[in-house]
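The values are calculated or read from the model by the stated rules, or taken from the named source; none is laboratory data. Just so you know, these numbers come straight off a predicted model, no measurement behind them. Backbone-built Cβ (ideal geometry, glycine too); neighbour counts: all protein chains shown.
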Amino acid sequence: MKIVVDENIPFAVEAFSRLGDVVSVKGRAITRDLIRNADALIVRSVTHVNAALLNGTKVRFVATATIGFDHVDVEYLRARKIGFSSAPGSNANSVAEYVMAALLVLARRQGFRLEGKTIGVVGVGNVGSRVVCKAGALGMKVLQNDPPLQRQTREARFLPLDALLDAADVLTFHVPLTRRGPDATHHVIDERLMARLKPGAVLLNTSRGAVADSPALLEAAASRRLGGLVLDVFENEPRISPALVERSDVATPHIAGYSFDGKVNGTAMVYRAACEFFDRTIEWDPDLVMPEPPHPILTARTDCDEEDALRDLVLTIYNIEADDRDLRQIRDLPPAEQAPHFDHLRKTYPVRREFQNTVVAAPGVSESLRAKITGLGFRM
């Protein structure tokens with residue numbers, strides 16, 4: 001059996017070599033000729049899987065080691081009876097931690113406290129539900145919007161989007177990219193939405209770049225209608241807008257979900273799906289390859305405000321400002337070097353462990369701070 005994998009999927013060779021011969025290549029270099037005799041194709045979001053890629057190949061199984069799959073023509077796979085799997089929820093905690101880190105950084109820079117602020121969460125699936133919990137643990141008032149879930153559950157906690165626009169100090173998007181139907185999300189962040197936002201609101205997009213209309217985002221940021229803009233995703237990646245990076249308060253190269261834990265989870269999920277599809281025994285154990293946490297024990301500060309203590313813990317484990325600085329270098333590069341820089345940052349992304357790997361010693365801290373520390377996911 002021949003299996004082609006994106007080289008940026010950690011431990012893909014180690015896992016899938018248990019099933020056959022593995023060819024590991026750059027995701028953007030995957031072509032029809034390369035996979036013509038492959039039985040399985042394992043990708044990430046940079047590879048568009050459709051008829052143009054698969055027609056005339058032997059591929060029987062496709063998987064993406066990502067939670068989203070708008071880059072895969074699932075209907076085509078279904079029509080061709082090609083097996084398919086994604087990795088829902090694999091990096092959801094990573095994205096939620098990114099959102100908390102970004103908000104803590106903005107709060108410090110702009111001199112406000114998160115506790116007592118209202119956050120609107122658009123999309124309350126694997127990622128959004130974790131953002132809801134962590135934001136609530138920080139003392140934020142949480143408003144939720146998810147039309148499909150509202151129709152399914154009839155729960156009163158789901159509000160119309162306009163209600164969030166009127167009230168939210170922070171608005172964060174965690175939706176799939178869809179272009180059709182009543183809940184289409186393509187360019188849902190548009191000029192109208194930003195005109196309706198509460199003045200001075202902070203906007204975050206960590207879902208997909210095309211969820212936002214880039215010119216509208218740029219205009220809103222330039223006009224200072226927004227109180228802050230955090231972008232991890234951009235339209236036309238890797239050929240992103242340097243002007244939009246410049247206008248963002250925090251801008252990163254589509255790495256919100258790039259915790260080491262999340263990426264290995266994604267590998268494990270699609271490996272198990274491939275084993276099931278090809279009726280093979282699961283032999284690779286991801287627990288055996290996880291490195292020791294880089295900061296197994298931290299001590300919570302007691303000489304400062306609770307939010308400052310939390311910020312200190314979070315930025316010790318995940319320095320989001322370093323990711324922001326790295327992407328901002330794109331402004332000084334010639335146009336021909338900008339897209340390769342974006343891809344290089346993703347390919348060479350350092351190991352980032354999730355908060356759950358860190359034990360926090362907190363002698364003498366208040367019960368309130370203790371609850372916030374564990375609510376973010378740290379162990380005590």
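State yes or no: is ALA210 small (Gly, Ala, Ser), assigned by TED's automatic domain parsing to the domain that holds VAL62, under 22 Å from VAL62 (Cβ atoms) and part of a helix (DSSP H, G or I)? Break it down into steps so the answer makes sense when it comes.
Numbers: small (Gly, Ala, Ser): yes; assigned by TED's automatic domain parsing to the domain that holds VAL62: no; under 22 Å from VAL62 (Cβ atoms): yes; part of a helix (DSSP H, G or I): yes.
When the stated conditions are applied, ALA210 does not pass them.
Note on region 338-380: among residues that are within 19 Å of the chain's Cα centre (by Cα) and assigned to a loop (DSSP other than H, G, I, E, B), the one that is surrounded by the fewest Cβ atoms within 10 Å (Cβ to Cβ) is THR348. So which pairs qualify, if the first residue must be in region 200-215 and within 18 Å of GLY111 (Cα to Cα), the second must be surrounded by 23 or more Cβ atoms within 10 Å (Cβ to Cβ) and among the polar types (S, T, N, Q), the Cβ gap must be under 9 Å, and the two must be at least 6 apart or on different chains? Here the result reads VAL202/THR172; LEU203/THR172, each pair linking region 200-215 to a residue that is surrounded by 23 or more Cβ atoms within 10 Å (Cβ to Cβ) and among the polar types (S, T, N, Q).
When ALA221 is tested against (1) modelled with pLDDT under 95; (2) in a loop (DSSP other than H, G, I, E, B); (3) among the aliphatic types (A, V, I, L, M), exactly one condition is not met: (2).
So, of the residues in region 224-252 that are of a type in the set (A, V, I, L, M, F, W, C) and part of a strand (DSSP E or B), which turns out to be surrounded by the most Cβ atoms within 10 Å (Cβ to Cβ)? Reasoning before the result, please.
Of all residues in region 224-252, those of a type in the set (A, V, I, L, M, F, W, C) come to 226, 229-231, 233-234, 240, 243-245, 250-251.
Restricting the remaining residues to those that are part of a strand (DSSP E or B) gives 229-231, 250-251.
Working: LEU229: 21, VAL230: 26, LEU231: 28, VAL250: 23, ALA251: 23.
Residue satisfying both the conditions and the ranking: LEU231.
Yes or no: region 311-325 includes at least one residue that is assigned to a helix (DSSP H, G or I), over 23 Å from the mean Cα position of the chain (by Cα), outside the structural domain of ILE42 (by TED's automatic domain parsing) and without any contact (Cβ under 8 Å) to a residue 24 or more places away in the chain. There is no residue in region 311-325 that is assigned to a helix (DSSP H, G or I), over 23 Å from the mean Cα position of the chain (by Cα), outside the structural domain of ILE42 (by TED's automatic domain parsing) and without any contact (Cβ under 8 Å) to a residue 24 or more places away in the chain.
Where helices (runs of 4 or more DSSP H) fall wholly inside region 47-152, the ranges with 2 or more residues that are of a type in the set (Lys, Arg) and not assigned by TED's automatic domain parsing to the domain that holds ALA309 are 92-110, 126-137. In region 283-304, the residues that are assigned to a loop (DSSP other than H, G, I, E, B) form Cβ pairs under 7 Å with partners that are hydroxyl-bearing (Ser, Thr, Tyr), at six or more places apart or across chains, as follows: TRP284/TYR271; PRO293/THR358; HIS295/THR316; HIS295/THR358; PRO296/THR358. Got at least one residue in region 72-80 being closer than 25 Å to ASP146 by Cα, in contact (Cβ under 8 Å) with a residue 40 or more places away in the chain, in contact with a Ser or Thr (Cβ under 9 Å, 6 or more places away or on another chain) and surrounded by 17 or more Cβ atoms within 10 Å (Cβ to Cβ)? Within region 72-80, none of the residues are closer than 25 Å to ASP146 by Cα, in contact (Cβ under 8 Å) with a residue 40 or more places away in the chain, in contact with a Ser or Thr (Cβ under 9 Å, 6 or more places away or on another chain) and surrounded by 17 or more Cβ atoms within 10 Å (Cβ to Cβ).
Would you mind stating whether VAL250 is more than 17 Å from ARG109 (Cα to Cα) and modelled with pLDDT of 95 or more? Please lay out each step first, then the result.
On the way: more than 17 Å from ARG109 (Cα to Cα): no; modelled with pLDDT of 95 or more: yes.
The answer is no for VAL250.
Cβ separations smaller than 8 Å between residues 6+ apart or across chains give the following pairs from region 102-127 residues that are touching a residue at least 60 places away in the same chain (Cβ under 8 Å) and crowded, with 17+ Cβ neighbours inside 10 Å to residues that are in a loop (DSSP other than H, G, I, E, B) and of a type in the set (Lys, Arg): ALA107/ARG113.
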